[in-house]
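To keep things clear, I will list the structure first and then write my remarks on it.
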Amino acid sequence: MWHKHFHPVSSELFFRSQKTGDPRFGEISRCISKGTPQKSSYLIAGYPDDDGITLNSGRPGAKLAPDAIRSRFYKTSPSSFHQEDLQLVDIGNLDTQLNLEDRHKEAKTAVQSALENNHRWIGLGGGHDYGYPDGAGFLLANKDSKLKPLILNFDAHLDVRPTDKGLSSGTPFYRLLTEKDLPAFEFYEIGIQSQCNSKSHFQWLKDHGGKLISFEEIMMSGQTQSQYILNQLSELLVKRRPTYISIDIDGFSSAYAMGCSQSWSTGFIPNQIFPLFNILFQRLNVQALGIYEVSPPLDQDEATVKLASQIIHQFLGPIG
């Protein structure tokens, strides 16, 4: 089975309202340990692992995020924007008894197989090192695409550190941009904050064909966050290109996402950035969504967990 290294999560996470006419996502979702999901399902997979964060000297806690996000998301209600026949399947959490390199390999294989079988992938970190297997699996599944695949990373950090100190949460896009066996792709880093990145890393990204929309230019534009970014990305939205969207929760302001390994007062504001997410989910063929670095022990009133849950909710049913 392509998901043999993912283990089912507790049935207690699947909330049931037990009220007529008031279903929740916990009631319409299926948890599987064997068999194959139906065609065109949205698959939720967890990476309960913060070893990559620790390698990057970040604060641990993100290994608890997948189940915490599930617990909150499965309490939310399907809205009129969600399709009646929406298929949502939870394949469980990745086996963390494997070494870190093998965890990434198994995740990459699972993502590739899922997308090749016409599913969509929702990866819940864990550290942002899992941006590599989510991205690599996405690229391999689209190696024969007529439209060049697109990767959008919403983040405060570039995450283009070399792998000489291990497969840390700072390395995913270094790996994606340097591995020879991966298909070519177009890459944007969005919301990158200057205090989080070195000059050499900015130059490395440019030298390797990555494109940048910094948080400083967004902030100084005088436009809402969505308006400015949408203007910069407008040419990408003409065709439904295969797309992977990576969201490191530390790209959001600490007022809304204090529960992460590193947070800053500056960053995305949900009411300003969600309109952009909505347009991206509508106009692009977003096959994979990853949400990383949520850290429940550092959270307050589940604010960050709820934010991650709302992003998933919007992905499943963008507002038409």
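Every read-out reported here was derived from the displayed coordinates using simple, explicitly stated rules and does not represent laboratory data. All values reported here derive from a predicted model rather than from experimental measurement. When we count neighbours, we look across all protein chains shown, and the Cβ atoms used for this are built from the backbone with ideal geometry, even at glycine.
Distance cut-off 18 Å, Cα to Cα: go down the list K108/K180; K4/K108; K39/K63; K143/K165; K75/K306; K39/K306 and report the pairs above it. Where the Cα-Cα span goes over 18 Å, the pairs concerned are K39/K63; K143/K165; K39/K306.
Among 6-14, 149-157, how do they line up from the highest to the lowest mean number of other beta-carbon atoms within 10 Å? Walk me through the numbers before you get to the answer.
Working: 6-14: 15.9, 149-157: 25.3.
Highest mean packing first, the order is 149-157, 6-14.
This model, with +1 at the C-beta of Lys and Arg and -1 at the C-beta of Asp and Glu, gives the chain a dipole about its Cα centre of some 740 debye.
How large is the Kirkwood hydrodynamic radius of the chain, counting all unique pairs of alpha carbons, in Å? Please list the in-between numbers first.
Working: mean 1/r = 0.0516 Å⁻¹.
Every distinct Cα pair counted, the radius reaches 19.4 Å.
Per the Debye calculation on the stretch 1-141 with a single equal scatterer at every Cα and no solvent contribution, log₁₀ I(q)/I(0) for q = 0.11, 0.21 Å⁻¹ amounts to -0.41, -1.30. Only Cα pairs under 8 Å and 6+ residues apart enter the sum, and on that basis the relative contact order of the chain stands at 21 percent.
Please report, in cubic angstrom per residue, the volume enclosed by the convex hull of the alpha-carbon atoms of the stretch 167-246. Let's see the in-between values first.
Details: hull volume 9.4 nm³, N = 80.
Residue-normalised Cα hull volume stands at 118 Å³.
Within straight-line reach of K206, meaning a Cα separation under 15 Å, sit the following aspartates and glutamates at least 8 residues removed in sequence or on another chain: D159, E186, E189.
Taking every DSSP helix (H) stretch of at least 4 residues in the chain, weighting each as -39,500 (n - 2.57) and dividing the sum by the residue count yields a mean residue ellipticity at 222 nm of -9500 deg cm²/dmol. Take every Cα pair under 8 Å whose residues are at least 6 apart in sequence, average their separation, divide by the length of the stretch 61-209, and the relative contact order is 21 percent. Based on alpha carbons, the Rg and Dmax found for the stretch 31-90 are 15.2, 44 Å.
With each label modelled as a point 7 angstrom along the Cα→C-beta vector, the K148-D85 pair spans 3.6 nm.
Using the Karplus relation 6.51 cos²θ - 1.76 cosθ + 1.60 with θ = phi - 60°, the per-residue 3J(HN,Hα) values for the stretch 172-186 come to x, 8, 4, 5, 5, 8, 10, 6, 6, 8, 9, x, 5, 8, 9 Hz, with x marking Gly and Pro.
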